[in-house]
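Following: one structure in structure tokens, then a few remarks.
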Protein chains: 2
Amino acid sequence: MRLTRFFLPVTKDVPSDATIVSHQLMLRTGMIRQNGAGIYSWLPLGFRVLKKIEQIVREEMDRAGAIELLMPTLQQADLWRDSGRYDDYGEEMLRIRDRHGRDMLYGPTNEEMITDIFRTYVKSYKALPLNLYHQQWKFRDEVRPRFGVMRGREFLMKDAYSFDLDEAGARVSYQKMFAAYLNTFDRLGVKAIPMQADPGPIGGDLSHEFLILAKSGESAVFCDREVLDVPAPGADFDFSDHEALQAETDKRTRFYAATDEKHDPEAFSAIPEERRVEARGIEVGHIFYFGTKYSEPMKADVQRQDGQLVTIHGGSYGIGVSRLVAAIIEASHDENGIIWPASVSPFDVGLISMKPDDEPVSNFADALYERLNAAGLDVLYDDSPDRAGAKFNRMDLIGLPWVLTVGPRGVKSGQVELKHRASGEKIDLSPEDAVARILGMD
Amino acid sequence: MRLTRFFLPVTKDVPSDATIVSHQLMLRTGMIRQNGAGIYSWLPLGFRVLKKIEQIVREEMDRAGAIELLMPTLQQADLWRDSGRYDDYGEEMLRIRDRHGRDMLYGPTNEEMITDIFRTYVKSYKALPLNLYHQQWKFRDEVRPRFGVMRGREFLMKDAYSFDLDEAGARVSYQKMFAAYLNTFDRLGVKAIPMQADPGPIGGDLSHEFLILAKSGESAVFCDREVLDVPAPGADFDFSDHEALQAETDKRTRFYAATDEKHDPEAFSAIPEERRVEARGIEVGHIFYFGTKYSEPMKADVQRQDGQLVTIHGGSYGIGVSRLVAAIIEASHDENGIIWPASVSPFDVGLISMKPDDEPVSNFADALYERLNAAGLDVLYDDSPDRAGAKFNRMDLIGLPWVLTVGPRGVKSGQVELKHRASGEKIDLSPEDAVARILGMD
């Protein structure tokens, strides 16, 4: 993508209510534009990151055997009256009345709707276990939306829902999501720590939050440093292996890790002092086993192999997709701007032409742009007439993992400068070697 | 995907209000589930088709130089008061009040919001021409939603917005979308005819609708048969070539084609009788040039090269993404079910194991499944214990372009039956040859 054809409204003006660094950087890089309290447009740069996260979440959910569908944003109030949550949910639920006076709402979550879909179609144990998920915009009418997309009102969430014959099955489904979340966050380039949590309004007796450590986090977290070093299950993990699933859980839960809600100072003080981590965390995922909380009032029963009708056991599993964009920035930036993990970077590489009005430089940069595209890399090519310094600063600010610079001196020697954003290292290379280095073949 | 792990609630029960064939087939194949009047969930099979259409629309918009972003579903009422449309829009606009009593609405379209984004960031001619688009859920509170997703209330639309310095530039932007639409519909496997249209509430003086011919269409259409035979611009079309853009428009507009709103019986009767087509059509796209209708009240001005401030000229360009799923079915089905164009089929190929409990058959089918996956094909593998007849009927119903059947006889001779859904042709082949045939290498 040529910068002169792209829409990248980088700005220096940041409103005073942008108090956390991710909010400031997302506004400065033109990733988002506020359209109302807690409501944002994803401008092209931000949209690309959002889509990359969505795709990684999708791949890891699919790998764990979950099936994707898409439920609508608006729901009928009656469905929530069935479960008893319509009155409980309070003012965070955006209630709507249509032209015929029907009570509707903008879905803040989908337990009721998916249970309704399930009970409509599934009558037999043969379809179980089943895990259905979607990635859809939700709305929660926060009284004080803040921190940009970190605590917005309209937000993108991945929510999965599992259905099992009994508690034992449901716990396996829960562990699959536990493992899938570890792989997901690992691929997103962040360390998310699973912590025991209160189920809150979702209900149930087993629940974990996944938190990314960051100074701006809203939750206090207490954990054993060792939990940070347990590797993710990885791409080859066998989700059908129940022992391996249990082991992935055990490997982590044997270390102390809790948010303030569940914090036990005594247990914490038993950890060797040098391993005690007291920090702040951003919740990016939350998983729940809630048994028959929804299936019982909504009569989601299936026939067991022996012919008996049983009420299914459920769980729900959320990932804050739009919040993750901000959380990743909180976890990965420096004083010059964002440092994107390669997996979610809006472009794979930046290319700066220092003198687009100089024909040899321009030809050299054009040829390199073609070469990078041909190698399957997604390139942001700064072919603008801006000053070189402004170009370098902008590339640092938007934080692509690699930046190639073509200038008059390099053109003479047939070399290009390759900069690694995270380390700041620079090296002069031939175009061939630079492409190979970026592709990780060197 | 193994059918036994998928969620495909095929049903025979179709409610009596499903009067058109696409609505019936989408319910029977378990593509959608109604959650309220004009509000649907996209079950896994339907979701896959929706995503394929979305991706083709995206690729063709990108090819034409449009830039993707994503605006939120909810908008502030004040923005629509700026343009004067808040009161004009009537009861189709779903008006919402949040917990603080602020007037909001569920966006039925985004001219106001994109103009607001534009005026915030773009101050100079240098950023023009600019075309920004998104694919987002919209809501129109239809008084009588019907025909399933064909005329739903919550629907997915691609809407693009162009910004140019003057009318001449805006007309080029319009023509780019005109050409991009032809390529889009061509890749979707449907013939969509561009027809002069009334701009309606969007405003403006130049507008075309794109209609797919189908018996259930809501619009009467009148056209010269020859317009149906003009080929799409194609993948190599150069969108920067203004003459070629004009030619693509001219090639079509020289033939008579109009909906009843614009129909001119006299002009129509001048066409040779055998070329006169009187039919019904489904609107799947609508493009508008509306000049300064939004930019003037909303003060979207930019500085020209000579320093003068000018009000930009705009256009908007919609494609009904969710409606297209139904429209394609209307255009492509038979008495046995859907016949998907390969480009949007939920899976590339179906694979039936006639006897999953027979080990040689099962091994043969498993090996073929692996081979198809390895070839990059997306396979729906019916490994269920259902009767063979039920399996054949189900595959016909869901309409994948190719179906492979593995049975005891074929296993002995090392052959598999390949059926082409559209023609009904069947042929026995080795697994190698079958895969090659599907990949189009044979």
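The values are calculated or read from the model by the stated rules, or taken from the named source; none is laboratory data. Owing to the predicted nature of the structure, the values given are computational and were not obtained by experimental measurement. Glycine gets a Cβ as well: all are built from the backbone with ideal geometry, and neighbour counts include every protein chain shown.
Summary of values
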{"quantity": "Scan of the range B:414-438 for residues that are small (G, A, S) and under 16 Å from B:K355 (Cα atoms), ordered by number", "calculated": "B:G414"}
{"quantity": "Selection count, the range B:78-90, where residues are touching a residue at least 24 places away in the same chain (Cβ under 8 Å) and more than 10 Å from chain A (Cβ to nearest Cβ)", "calculated": "7"}
{"quantity": "Residue check for A:T253: assigned by TED's automatic domain parsing to the domain that holds A:F210, within 25 Å of A:G320 (Cα to Cα), in contact (Cβ under 8 Å) with a residue 60 or more places away in the chain and of a type in the set (S, T, Y)", "calculated": "no"}
{"quantity": "Residue in the range A:138-147 that is of a type in the set (V, I, T) and at pLDDT 95 or above present", "calculated": "no"}
{"quantity": "Boolean, A:A168 is without any contact (Cβ under 8 Å) to a residue 12 or more places away in the chain and not in a strand (DSSP E or B)", "calculated": "yes"}
{"quantity": "Some residue of the range A:55-63 being aliphatic (A, V, I, L, M) and facing chain B (nearest Cβ under 7 Å)", "calculated": "no"}
{"quantity": "Options B:V10, B:V14, B:V49, B:V21: the member that is in contact with a helix residue (DSSP H, G or I) (Cβ under 8 Å, 6 or more places away or on another chain), facing chain A (nearest Cβ under 10 Å) and either farther than 26 Å from A:L45 by Cβ or in contact (Cβ under 8 Å) with a residue 60 or more places away in the chain (or both)", "calculated": "B:V10"}
{"quantity": "All helices (runs of 4 or more DSSP H) inside the range A:319-425 with 1 or more residues being out of contact with any helix residue (DSSP H, G or I) (no Cβ under 8 Å at 6 or more places or on another chain) and assigned by TED's automatic domain parsing to the domain that holds A:G148", "calculated": "A:321-331"}
{"quantity": "Residue in the range B:327-347 that is surrounded by the most Cβ atoms within 10 Å (Cβ to Cβ), counting only those that are under 20 Å from B:R58 (Cβ atoms) and either touching a Cys at 6+ places or on another chain (Cβ under 6 Å) or not β-branched (V, I, T) (or both)", "calculated": "B:A327"}
{"quantity": "Residue in the range B:139-154 that is nearest to A:R97 (Cα to Cα), counting only those that are facing chain A (nearest Cβ under 10 Å) and buried (at least 19 other Cβ atoms within 10 Å of the Cβ)", "calculated": "B:D141"}
{"quantity": "Test set (1) over 21 Å from A:V10 (Cβ atoms); (2) touching a residue at least 12 places away in the same chain (Cβ under 8 Å); (3) of a type in the set (A, V, I, L, M, F, W, C) - A:A374 fails condition number", "calculated": "(2)"}
{"quantity": "Selection count, the range B:107-121, where residues are more than 14 Å from B:G314 (Cα to Cα) and in contact (Cβ under 8 Å) with a residue 40 or more places away in the chain", "calculated": "1"}
{"quantity": "Residue in the range A:91-104 that is touching a His at 6+ places or on another chain (Cβ under 7 Å) and facing chain B (nearest Cβ under 7 Å) present", "calculated": "no"}
{"quantity": "Strands (runs of 3 or more DSSP E) fully within the range B:78-149 counting 1 or more residues that are under 26 Å from B:Q55 (Cβ atoms) and of a type in the set (K, R)", "calculated": "B:130-139"}
{"quantity": "Residues satisfying the stated conditions in the range B:48-94, i.e. charged (D, E, K, R) and closer than 23 Å to B:K176 by Cα", "calculated": "B:K52, B:E54, B:R58, B:E59, B:E60, B:D62, B:R63, B:E68"}
{"quantity": "Pairs, first assigned by TED's automatic domain parsing to the domain that holds B:T184 in the range B:305-318, second in a strand (DSSP E or B) and of a type in the set (D, E, K, R), C-beta under 6 Å, six or more apart", "calculated": "B:L309/B:D301; B:T311/B:D301; B:H313/B:D164; B:G318/B:D159"}
{"quantity": "Flag if A:D103 is in the same structural domain as A:D301 (by TED's automatic domain parsing), touching a residue at least 40 places away in the same chain (Cβ under 8 Å) and surrounded by fewer than 20 Cβ atoms within 10 Å (Cβ to Cβ)", "calculated": "no"}
{"quantity": "Test for A:V190: is it of a type in the set (V, I, T) and within 14 Å of chain B (Cβ to nearest Cβ)", "calculated": "no"}
{"quantity": "Single residue of the range A:82-112 satisfying the filter (basic (K, R) and modelled with pLDDT of 95 or more) that is farthest from the chain's Cα centre (by Cα)", "calculated": "A:R99"}
{"quantity": "Members of the range B:113-138 that are facing chain A (nearest Cβ under 10 Å), crowded, with 19+ Cβ neighbours inside 10 Å and more than 17 Å from the chain's Cα centre (by Cα)", "calculated": "B:M113, B:I114, B:D116, B:I117, B:F118, B:V122, B:L130, B:N131, B:L132"}
{"quantity": "Pairs, first under 25 Å from A:I338 (Cα atoms) in the range A:412-438, second exposed (fewer than 11 other Cβ atoms within 10 Å of the Cβ), C-beta under 8 Å, six or more apart", "calculated": "A:K419/A:E425; A:D428/A:S413"}
{"quantity": "Any pair with Cβ under 8 angstrom, 6 or more apart, that starts in the range B:24-44 at a residue that is assigned by TED's automatic domain parsing to the domain that holds B:I329 and closer than 23 Å to B:Y106 by Cβ and ends at one that is surrounded by fewer than 21 Cβ atoms within 10 Å (Cβ to Cβ) and among the β-branched types (V, I, T)", "calculated": "B:R33/A:T120"}
{"quantity": "Filtered residues of the range B:68-86 (kept if more than 17 Å from B:G318 (Cβ to Cβ) and of a type in the set (K, R))", "calculated": "B:R81"}
{"quantity": "Subset of the range A:150-165 (residues that are within 22 Å of A:F290 (Cα to Cα) and either part of a strand (DSSP E or B) or within 15 Å of the chain's Cα centre (by Cα) (or both))", "calculated": "A:M157, A:K158, A:D159, A:A160, A:Y161, A:S162, A:F163, A:D164"}
{"quantity": "Selection status of A:M71, surrounded by 23 or more Cβ atoms within 10 Å (Cβ to Cβ) and facing chain B (nearest Cβ under 10 Å)", "calculated": "yes"}
